[in-house]
Structure formats: structure tokens, C-alpha cells
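The values are calculated or read from the model by the stated rules, or taken from the named source; none is laboratory data. No experiment lies behind these values; they were computed from the predicted model shown. A quick note on method: Cβ atoms are made from the backbone with ideal geometry, for glycine too, and the neighbour counts reach across all protein chains shown. Each accessible area value is taken on the protein alone, full model and side chains, heavy atoms only, with ligands, DNA and RNA left out. Shrake-Rupley method; radii C 1.70, N 1.55, O 1.52, S 1.80 Å.
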Amino acid sequence: MPLISTSVPTLGVIDSGVPRGTALARFGAPGSNDAEDRLGHGRAILATLGHYLPLSRLEIALYKLFEERLTADAAALAAAFEWQAEAPPAWLLCSLGLTRADARLKAAVARLQAAGTRIVAASPRFGALVYPAAWPGVVAVSGSAGLLPGPPRQGRDGRWYACVWAARETRADGRAWQPWMPGPPGPDIPPALGGASFAAAHALGYWLAECVGDESEVPGEVAAQGSAGQSG
């Protein structure tokens, strides 16, 4: 499946918002015109992507799904995908999943895939299937505590595995300690964030850094294999 051709790739993000002042190509939210993240998850996702390339090299289309807590039902997630499908991005990062398949969400995923959007979705390493990660053609990514930031690895199950820890927003001293870095964190460092959401961001950040500036190519192993759509 060819990617949407654009000199400045558009990245669709479905999350809790962005840091104040972040430039956005598009913004959507149910009943809100405020893109600022007050839960911290969206900021950490962008910081993780920014570990691999300057976000200024992307056009970001944000749908602010989470406002007061990091949960959403099937209708809300489907609405987020439908909004993204109105102007399909080259890439779409979905940092959550439903435990049951939803017909409306599946239709929106199919619409995006038909337009050429490459969907990268978080998939818990253990447990039941989650959607959209489990559907064919969606690139499912799980976290592996043994992996450092860098290229994701593909397992025998067809899923991709990547570093599980979120990157920090760079502090004033230029240091952003993470569990993969040597030495103990300072007293001003909050607990590390981790999970499949951030593994998906690590994998996508790496792939974006590999292909940005090339209008026609996605890293070959991703384009060829996609995902087996498994979770476990």
C-alpha cells in the first residue's frame, strides 16, 4: 500500500493534547477548542517521537480524545478516527485500544487504509486482543522492557516490539533522565511513564526519522509485513 505522497508528512495523533504553543496542521475535539494537554500523556508521546526527529519536520493533526481521564469508549474512538479520515494523514498513531471489535471503528480504519494512511497502534504484550491493533494491515506495537530506544524489532507473532519507556521533555539543563540512561535520576525527576503507548511512539518515531524527506517510501519491512494483528 503506497503512503500518501507529501513533502512534509502529516502525522495524525489521537491523545490528550499537546504542549502549549505546539503548531498544529489540524485540531479536533468533542466540545473543546483547547489543544493543551493537562493529563501529561500526549506531551510524553510527542517527547518520545521527538527523541527521533524534530517535530517541526511534520504537520501534526491532533484529535484531543482525553480531557479529564485516559479512557474512551468505542463511540468516542470511532469519532476520532472518522475525524482523521476527513483529511487522511500519512501516518496515524493510536495509543489505545478497545477490548471488543467495533463496527463503526473498523469502518473508519478501513477508510483511512484505503486512503493510504499507515496506522500504528499500541498492543499490550499480554492478554486479550485489542482493536484497532488486531485488525489486518494495522501495525501493532508492544513494549519490551529489554529494548533501548532505536529500531523496533519484529517478533515471530508478527507484532513489532520497541522500548517501553516514554522520553522526557528536555529540562533546562539539557538532560532528560530515563531508565535506559546510566545513573540515578535526580530528586526533581518524576516517575517514568511506560507502556505499549510509548512503544508505539518509539517505533513510529524511528520509522518517521527513516522515511521523512522521502515522499514515496516507508521502511521496507513495515510496508511488506504490516502486522499480523495479534496481541498477547
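Quick rundown of the values:
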| read-out | value |
| --- | --- |
| Sequence of K106, K64 from largest to smallest accessible area, 1.4 Å probe | K106, K64 |
| Anisotropy class of the chain from Cα gyration tensor, a/c 1.5 cut | rounded |
| Size of charge dipole - the chain - debye, nearest 20, with Cβ of Lys, Arg +1 and Asp, Glu -1, no other charges | 420 |
| With every protein chain in place, the chain: carbon and sulfur % of accessible area (1.4 Å) | 52 |
| Candidates per GluC sites (Glu not before Pro) in the range 14-100, loop by DSSP, up to 12 other Cβ within 10 Å | E68, E86 |
| Gaussian network model of the chain, springs between alpha carbon atoms under 10 Å - residue of S95, S32, S197 with greatest fluctuation | S32 |
| Å² of accessible area per residue within the range 69-177, as computed with a 1.4 Å probe and no ligands counted | 45 |
